[in-house]
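Beneath this line is the structure, given in structure tokens, with notes to follow.
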């Protein structure tokens, strides 16, 4: 998030919920371990590493430089493992840094495998952009997911001329994000700009009608058929 002591613009797109706070589950020692038996003995994986073997990548919590770099690395690794097999990207995020989110977005578009996206819980701000950036026909939500779209926000302290420079950068990023959202939803840029002027919350079905996703999934059978 934006640090007023930093000599740079930190543009974010995160949303917060009253009374909520996010803590790193790994720091709390809450990441489950999976034990696999083989002819060579036992091998332990944390649950996310085990799911990575099934080509499942998670975005859980805010979009930061650290989480973005981890996701980019996983996407590139899975592409090197099999460039013709889909990657499954599960999103439960309040959003975060625009620059970090765009790093993930660009990688999703750059790699050869299709990236199938699924919102579980919430996909807000940059999370919603990444949800909509999945391969067409392979973007999904669970029924009670919530999606939120809005324009980027940021702040800067310094000389008036520097503030003007960074304000122009935020406006540029707003136009860039609107163009990306328009290209993936099919909505005209004018409507995107209007709909993202303030926090705009969507249900899973409303997100489908808007073009952010292709299907609302309520069971594993529907996911297999999708």
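We did not get these values from a lab; they are worked out from the coordinates using the rules stated. Note that the structure is a prediction, hence the values are computed from the model and not measured. Cβ coordinates were reconstructed from backbone atoms using ideal geometry, including for glycine residues, and neighbour counts include every protein chain displayed.
Between residue 110 and residue 49, full extension at 0.36 nm per residue minus the direct alpha carbon distance yields a gain of 19.7 nm. Ranked by the mean number of other Cβ atoms within 10 Å of their residues, highest first, the peptides 166-172, 124-130 come out as 124-130, 166-172. Over segment 54-152, what relative contact order in percent results from Cα pairs under 8 Å that are six or more residues apart? For segment 54-152, the relative contact order is 28 percent.
Under the shape rule built on the C-alpha gyration tensor, where the axes satisfy a ≥ b ≥ c, segment 129-209 is prolate, since a/c reaches at least 1.5 and a/b is greater than b/c. Entry note, the chain: the mean residue ellipticity at 222 nm calculated from DSSP H runs of n ≥ 4, each adding -39500 (n - 2.57), is -12000 deg cm²/dmol after division by the residues and rounding to the nearest 500. Short-range pairs are left out: with C-alpha atoms under 8 Å and at least six residues apart, the relative contact order of segment 139-226 is 49 percent.
When each of the peptides 97-103, 30-36 is scored by how many other beta carbons lie within 10 Å of its residues on average, the order from highest to lowest is 97-103, 30-36.
Between residue 77 and residue 144, what length in nm is gained on full extension when 0.36 nm per residue of separation is reduced by their alpha carbon distance? Don't skip to the answer; put the middle values down first.
Working: separation 67, 0.36 × 67 = 24.12 nm, distance 3.14 nm.
Taking residue 77 through residue 144 to full extension adds about 21.0 nm, to one decimal.
For Rg/Rh (Cα atoms, Kirkwood Rh), the candidate list reads (i) 1.16; (ii) 1.00; (iii) 0.93; the entry that matches the value derived from this model is (ii). Annotation for segment 53-76 versus segment 182-218: alpha-carbon center distance of 23 Å. Compared with the dominant principal axis of the Cα atoms in the chain, helix 98-110 is inclined by about 50°.
Structural descriptor for the chain: relative contact order 20 percent, calculated from alpha carbon pairs under 8 angstrom and at least 6 residues apart.
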